[in-house]
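The values are calculated or read from the model by the stated rules, or taken from the named source; none is laboratory data. Keep in mind that what you see is a predicted model, and the values were worked out from it rather than measured. Glycine gets a Cβ as well: all are built from the backbone with ideal geometry, and neighbour counts include every protein chain shown. Note: accessible area is taken over every heavy atom of the protein model, side chains too, but ligands, DNA and RNA are not part of it. Shrake-Rupley method; radii C 1.70, N 1.55, O 1.52, S 1.80 Å.
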Amino acid sequence: MSKHEKHQGINSEIISQALVSSFYKLDPRHMVKNPVMFVVEIGFLVTLLLSFFPDLFGESSTDLRIYNSIVAFILFVTVLFANFAEAVAEGRGKAQAASLKKTQKDTEAHLLDAEGNVKIIRSSELRKDDIVMVKAGEVIPGDGVVIEGVAAVDESAITGESAPVVRESGGDFCSVTGGTTVVSDWLKIRITSEPGNSFLDKMIALVESASHKKTPNEIALNTLLVSLTIIFLIVIVTLYPMAQYSGVTLSTSTLIALMVCLIPTTIGGLLSAIGIAGMDRVTQFNVIAMSGKAVEACGDVDTMILDKTGTITFGNRLAAEFLPVQGVLPKQLMRCASLTSFSDATPEGKSTLDLARRLGDTTVEPTGTTFYEFTAQTRMSGVDLSDGTAIRKGAADAIEQYVLTLGGRVPADLRELVERVSLLGGTPLVVCENEQILGVIYLKDTVKPGMKERFERLRAIGIKTIMCTGDNQLTAATIAEEAGVDGFVAECKPEDKISLIKKEQAEGKIVAMTGDGTNDAPALAQANVGLAMNSGTTAAKEAANMVDLDSDPTKILEVVEIGKQLLITRGSLTTFSIANDIAKYFAIIPAMFMVAIPQLSILNIMDLSTPYSAILSALIFNGLIIPGLIPLAMKGVEYKPMSSGKMLAKNMLIYGVGGVITPFIGIKLIDIVISPLLGTLGL
């Protein structure tokens, strides 16, 4: 699945399929799952019946047939628009599922028996614990763990990233996914899933079933909408005898129109689409959520627990500072450190050269040099120049012994520099030129750029960040301060993470964490939001409720923001929908009564032309606002980190006040357009 395929928007094919699906969804068995729109559909059926039999309920008027037909048509279109919103959201999910299915092939598998003999079978015939051999150019036939071999694997079919990744036996990079391709060497793999239950199968099933599962928050909101619908239904029922008592005759179609306009049809029509679009945004971000509940939980996160290595820091110890001994100039230390690093392909060597360049060193690699790689025996690396000069860098005791062997001496302040670096949790590399020790290169686990700003964003929305690390207290405190996390746990063991999660949860907090190893699995299962890396172990992926296909631990920060955006979008559109009812009330109620009770004309603040025009204008606006808000429901309300109080005030202002003002403008414009048309129809 390419990045282009994964991030596709709403195209003409999705729209055409959604239009067809909108009619299929008119089935009452489907509509009853959305009680608000089901009420609108019942209203359509009643008014449709009245279009053919206008005197069905004892009403008699020459213009009722036309009026009833118009109301029925508007209600029908309103239901279609609501179905269309849901179908568009589902269409994007189906497109993703289709692109995933393209990668799902019934390939050949080279099954190994107990004696090591190879039998070629279909991948669909593989069973859990079978052993298969996969060579360069072959597709991995199923999910599994590498038990022998090292190879580069192309995982672009799953992640969209073209660069191959290394998979090998043991450690946290032994997990492989069915449908990916071995591009070099070979792997012996033990299958870990039964047919039809692979990671790819689960991904397809999750994407396809996104429309069928309601989350707890959706269920709660649905209950609220049903309650409001029942309340307004009671109001409408009691309104009829009150109108009769006041000498006002209200047609059944008018009462239905009033009810449809007052019940929260806008959010009722968009609720399902908002939820599906939220799942879709997470999937587009290359994260597979095991349920909609997991996405919503992200929006409620209070505490985020993060591993230091690989999440907050790069994990490789990189050069951070040059510390010359007394009597040595910094530029002399940098020059010799650079000379030892030109041919050093390790992260330490590359970072030493980069740091020297940033500090102004302009040393160039001389010709005729001999490079000596680091070995476990010598514990140092270096270079011999053409003039016989020998420069070395390495462990402190190894360099000291090397210098003493050449007849040199150890500077008095070297031990102090080495201990200072060690106490900070860094790695000291000592540099010497022939028999003279020049100083120390301070290697440290470097914090990733921008982490401090990202943690400030989380702090702004009330999320506490806690860093877990196996480092000592001093090192942990140094990294925590540099990264800007709210707290840290030093010398942390796997069981300490579980204890920390339980402690936070006992205080009523929602906890999120990331992990990729088998030892992270218990904590991932305990956390409310567990994001496992696709490169991690099978145990970690099975314990988590989200899997990051790109294996980027920092993505938990963005996933939380997507969850927040989902909740904000739902809340904002609910506010807008309910605020809409206020304006529609001022359009319809005066129109219903002002002929019999002229004093009520003061409430006709929109100055709508006629009672029929007022009712139909409100009803048309009520239907049009649903497709008008589909792009916002799909994209999500713009999210900016801020406190809950500020966020509520902002959304109340924009979507509350805006929800009141917009219908006043929209209904008036529609009234201006349709009044002449209704006049020609005698209404």
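Of all the listed residues (Pro631, Pro522, Pro627, Pro553), the sole one being out of contact with any helix residue (DSSP H, G or I) (no Cβ under 9 Å at 6 or more places or on another chain), open to solvent by 10 Å² or more (accessible area, probe 1.4 Å) and at pLDDT 85 or above is Pro631.
Of all residues in the range 139-180, which are among the charged types (D, E, K, R), open to solvent by less than 20 Å² (accessible area, probe 1.4 Å) and modelled with pLDDT of 80 or more? Spell out how you get there, then give the answer.
Taking the range 139-180 first, the residues among the charged types (D, E, K, R) are 143, 148, 154-155, 161, 167-168, 172.
Subsequent filtering for residues that are open to solvent by less than 20 Å² (accessible area, probe 1.4 Å) retains 143, 155, 167.
If the condition is that a residue be among the charged types (D, E, K, R), open to solvent by less than 20 Å² (accessible area, probe 1.4 Å) and modelled with pLDDT of 80 or more, then Asp143, Arg167 are the ones that fit.
Summed over the range 396-419, the residues that are open to solvent by 30 Å² or more (accessible area, probe 1.4 Å) and without any contact (Cβ under 8 Å) to a residue 60 or more places away in the chain give a count of 13. Contact map, the range 138-157: residues that are assigned to a helix (DSSP H, G or I) paired with residues that are modelled with pLDDT under 85 and of a type outside the set (Ser, Thr, Tyr), Cβ distance under 8 Å, separation 6+ or inter-chain. Pairs shown: Ala157/Met1; Ala157/Gly179.
When you scan the range 661-669, do you find a residue that is part of a helix (DSSP H, G or I), surrounded by 21 or more Cβ atoms within 10 Å (Cβ to Cβ) and within 25 Å of the chain's Cα centre (by Cα), even just one? No, the range 661-669 has no match at all. Being open to solvent by 30 Å² or more (accessible area, probe 1.4 Å) and touching a Ser or Thr at 6+ places or on another chain (Cβ under 7 Å) is a property that holds for Phe84. Could you check, for the range 509-527, whether at least one of its residues is under 24 Å from Gly462 (Cβ atoms) and of a type in the set (D, E, K, R)? Yes, because at least one residue in the range 509-527 is under 24 Å from Gly462 (Cβ atoms) and of a type in the set (D, E, K, R). How about the range 525-534: which of its residues are open to solvent by less than 30 Å² (accessible area, probe 1.4 Å) and assigned to a loop (DSSP other than H, G, I, E, B)? Across the range 525-534, the qualifying residues are Ala527, Asn534. Could you tell me whether Thr346 is within 28 Å of Gly425 (Cβ to Cβ) and either surrounded by 24 or more Cβ atoms within 10 Å (Cβ to Cβ) or among the small types (Gly, Ala, Ser) (or both)? When the stated conditions are applied, Thr346 does not pass them. Going through (1) under 30 Å from Asp280 (Cα atoms); (2) touching a residue at least 24 places away in the same chain (Cβ under 8 Å); (3) more than 21 Å from the chain's Cα centre (by Cα); (4) open to solvent by less than 60 Å² (accessible area, probe 1.4 Å) one by one, Ala539 falls short only on (2).
Out of Ala512, Ala523, report the one residue that is small (Gly, Ala, Ser) and under 15 Å from the mean Cα position of the chain (by Cα).
On the way: Ala523 fails: under 15 Å from the mean Cα position of the chain (by Cα).
Of the residues listed, the single one that is small (Gly, Ala, Ser) and under 15 Å from the mean Cα position of the chain (by Cα) is Ala512.
Which residue out of Val79, Val88, Val71 is on the phi < 0 side of the Ramachandran plot and at pLDDT below 85?
Numbers: Val79 fails: at pLDDT below 85; Val71 fails: at pLDDT below 85.
Among Val79, Val88, Val71, only Val88 is on the phi < 0 side of the Ramachandran plot and at pLDDT below 85.
Regarding the range 50-68, can at least one residue be identified that is under 18 Å from Leu624 (Cβ atoms), modelled with pLDDT of 85 or more and part of a helix (DSSP H, G or I)?
In the first step, residues of the range 50-68 are kept if they are under 18 Å from Leu624 (Cβ atoms); the result is none.
No, every residue in the range 50-68 fails to be under 18 Å from Leu624 (Cβ atoms), modelled with pLDDT of 85 or more and part of a helix (DSSP H, G or I).
Yes/no per residue for (1) open to solvent by 30 Å² or more (accessible area, probe 1.4 Å); (2) modelled with pLDDT of 80 or more; (3) in contact with a helix residue (DSSP H, G or I) (Cβ under 7 Å, 6 or more places away or on another chain):
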{"site": "Thr475", "(1), (2), (3)": "no, no, no"}
{"site": "Glu481", "(1), (2), (3)": "yes, yes, no"}
{"site": "Val485", "(1), (2), (3)": "no, yes, yes"}
{"site": "Ala490", "(1), (2), (3)": "no, yes, yes"}
{"site": "Lys497", "(1), (2), (3)": "no, yes, yes"}
{"site": "Gln505", "(1), (2), (3)": "yes, yes, no"}
{"site": "Lys509", "(1), (2), (3)": "yes, yes, no"}
{"site": "Asn545", "(1), (2), (3)": "yes, yes, yes"}
{"site": "Leu557", "(1), (2), (3)": "no, no, yes"}
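Could you check, for the range 118-134, whether at least one of its residues is outside any loop (DSSP other than H, G, I, E, B), modelled with pLDDT under 80 and open to solvent by 50 Å² or more (accessible area, probe 1.4 Å)? Yes; the residues of the range 118-134 include at least one that is outside any loop (DSSP other than H, G, I, E, B), modelled with pLDDT under 80 and open to solvent by 50 Å² or more (accessible area, probe 1.4 Å).
Given the condition among the acidic types (Asp, Glu), assigned to a loop (DSSP other than H, G, I, E, B) and either in contact with a Ser or Thr (Cβ under 8 Å, 6 or more places away or on another chain) or modelled with pLDDT of 85 or more (or both), answer yes or no: does some residue in the range 28-41 qualify? Steps first, please.
Step one: filter the range 28-41 for residues among the acidic types (Asp, Glu), giving 41.
From what is left, the residues that are assigned to a loop (DSSP other than H, G, I, E, B) are none.
No, the conditions are met nowhere in the range 28-41.
Do the conditions hold for Asp307, that is, is it crowded, with 21+ Cβ neighbours inside 10 Å and charged (D, E, K, R)? Against the criterion (crowded, with 21+ Cβ neighbours inside 10 Å and charged (D, E, K, R)), Asp307 qualifies.
Being of a type in the set (D, E, K, R) and in contact with a helix residue (DSSP H, G or I) (Cβ under 7 Å, 6 or more places away or on another chain) is the requirement here; does Arg454 meet it?
yes
Among residues of the range 243-269 that are at positive phi, those with a Cβ under 8 angstrom from a residue that is among the aliphatic types (A, V, I, L, M), sequence gap 6+ or separate chain, pair up as Gly247/Ala596.
From the set of residues in the range 452-473 that are closer than 30 Å to Lys640 by Cβ and open to solvent by less than 40 Å² (accessible area, probe 1.4 Å), which is nearest to the chain's Cα centre (by Cα)?
Leu458
Scan the range 316-329 residue by residue and report those that are open to solvent by less than 30 Å² (accessible area, probe 1.4 Å) and either among the acidic types (Asp, Glu) or in contact with a helix residue (DSSP H, G or I) (Cβ under 9 Å, 6 or more places away or on another chain) (or both).
From the range 316-329, those open to solvent by less than 30 Å² (accessible area, probe 1.4 Å) are 319, 322-323, 325, 328; that's our starting set.
Listed by number, the residues that qualify are Ala319, Phe322, Leu323, Val325.
Step by step: first the residues of the range 443-462, then only those that are hydrophobic (A, V, I, L, M, F, W, C) and outside any loop (DSSP other than H, G, I, E, B), then the one that is modelled with the highest pLDDT. Which residue is that? Ranking the qualifying residues of the range 443-462, first place goes to Leu443.
Mind telling me which of the residues Val421, Val440 ends up being at pLDDT 85 or above and part of a strand (DSSP E or B)? Please lay out each step first, then the result.
Values: Val421 fails: part of a strand (DSSP E or B).
Selected residue: Val440, the only one of Val421, Val440 that is at pLDDT 85 or above and part of a strand (DSSP E or B).
Quick check on the range 295-304. Is at least one of its residues among the hydroxyl-bearing types (Ser, Thr, Tyr), touching a helix residue (DSSP H, G or I) at 6+ places or on another chain (Cβ under 6 Å) and modelled with pLDDT of 85 or more? For the range 295-304, residues among the hydroxyl-bearing types (Ser, Thr, Tyr), touching a helix residue (DSSP H, G or I) at 6+ places or on another chain (Cβ under 6 Å) and modelled with pLDDT of 85 or more: present.
Return the only residue of Ile582, Ile588 being out of contact with any Asp or Glu (no Cβ under 6 Å at 6 or more places or on another chain), of a type in the set (Val, Ile, Thr) and open to solvent by less than 50 Å² (accessible area, probe 1.4 Å). Show your work before the answer.
On the way: Ile582 fails: open to solvent by less than 50 Å² (accessible area, probe 1.4 Å).
Criteria check complete, one pass: Ile588.
Within the range 260-285, the residues that satisfy the criterion of being more than 25 Å from Cys298 (Cβ to Cβ) and either in contact with a strand residue (DSSP E or B) (Cβ under 8 Å, 6 or more places away or on another chain) or of a type in the set (Val, Ile, Thr) (or both) are Val260, Ile263, Thr265, Thr266.
Just one of (1) farther than 30 Å from Met642 by Cα; (2) β-branched (Val, Ile, Thr); (3) without any contact (Cβ under 8 Å) to a residue 60 or more places away in the chain fails for Thr478. It is (1). Just so you know, in the range 250-260 the residues that are among the hydrophobic types (A, V, I, L, M, F, W, C) and surrounded by fewer than 24 Cβ atoms within 10 Å (Cβ to Cβ) include one that is farthest from Gly628 (Cα to Cα), and it is Leu250.
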